[in-house]
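A.B. asks: This structure is in structure tokens; I'll ask about it shortly.
The values are calculated or read from the model by the stated rules, or taken from the named source; none is laboratory data. This one's a predicted model, so the numbers in the text were calculated from it and none came from an experiment. Every residue, glycine as well, gets a Cβ built from its backbone with ideal geometry; the counts of neighbours run over all protein chains shown. Just the protein is used for accessible areas: all its heavy atoms, side chains included, with ligands, DNA and RNA removed. Shrake-Rupley method; radii C 1.70, N 1.55, O 1.52, S 1.80 Å.
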Amino acid sequence: MIRLLCCSLGLWLLTACSSTVAPAYYVLSLPGDQAPSRQVTTGPMLVVDRVQLPEYLNDLGIAFQQDDVQVVTANQARWAEALDKQLTRSLVLSLSRQLQQVQVLEGEGANDNSWHLSVNITAFQGRFDGQAIVAGRWILRRDELTYSQSFQREIPLGEDGYPALVRALREGWQAEVVQLAQELQPTLTAK
């Protein structure tokens, strides 16, 4: 009887442990996405501050807006790295590629004549209507000069699931960074 009980308990523990679903981890871009090989040593300097996020978005769980007032973060679909770090790295790499005559640095190396770029994200989540939302505001400043603009993009998900959501968020973020570079170029390179 005890042997049967031990075998049953062992089988139950084995089944319970194997039915636990391991979380899936997602990144906006994989490590092969490297900085450009060019090295700009002259020209304007742009210092990019770490992207700021509301606390619920910087959670490891991927955010999803369930209705007009409720946002949840997933337990099983998680960011592989803090979202603010991923967004900052992506922003610096993309701006470095697009702004060929500008020295783009991440939060360091500033001099008195440096431009500073801050980006505050207010939405970076899936939404109940099948859209991925990327929204926020960027601020460019140097001395007394300040330029600022809000942005919002809605990207339809191609299919259900977190992989599709992450791809749509990445697409929206990349499109926004391309537009940001186009808007910054004239100001940063003006003589």
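A.B. asks: Work out, step by step, the length gained on full extension between Thr73 and Glu154: first 0.36 nm times the residue separation, then minus their alpha carbon distance; give nm to one decimal.
C.D. replies: Extra length available between Thr73 and Glu154 comes to 27.2 nm.
A.B. asks: If you don't mind, another one. Taking R0 as 25 Å, what FRET efficiency do you get between Glu106 and Gln174 from their Cβ-Cβ distance, rounded to the nearest 0.05?
C.D. replies: Once rounded, the FRET efficiency stands at 0.90.
A.B. asks: Just to verify a number: what accessible area does Asp68 come out at with the full protein assembly present, 1.4 Å probe, Å² rounded to tens?
C.D. replies: 130
A.B. asks: Using the Cβ atoms and a cut-off under 12 Å, what net charge is assigned to the surroundings of Asp112, where Lys and Arg are +1 and Asp and Glu are -1?
C.D. replies: Overall, the nearby charge balance is 0.
A.B. asks: Beyond 20 Å, how much of the Cα-Cα pair distribution for segment 122-191 remains, as a whole percent?
C.D. replies: Everything past 20 Å amounts to 39 percent.
A.B. asks: Now for a separate question. Can you list the GluC sites (Glu not before Pro) in segment 71-156 that are in a DSSP coil and have 14 or fewer other beta carbons within 10 angstrom?
C.D. replies: Sites meeting the loop and neighbour criteria: Glu81, Glu108, Glu144.
A.B. asks: What is the percent carbon and sulfur in the accessible area of segment 99-187, measuring with a 1.4 Å probe over the protein chains and ignoring ligands?
C.D. replies: Carbon with sulfur: 44 percent of the solvent-accessible area.
A.B. asks: If you split all Cα-Cα distances of segment 42-191 into 5 Å bins from zero, what percentages do you get per bin, shortest first?
C.D. replies: The percentages, shortest bin first, are 2, 9, 19, 22, 18, 12, 9, 6, 3, 1, 0.
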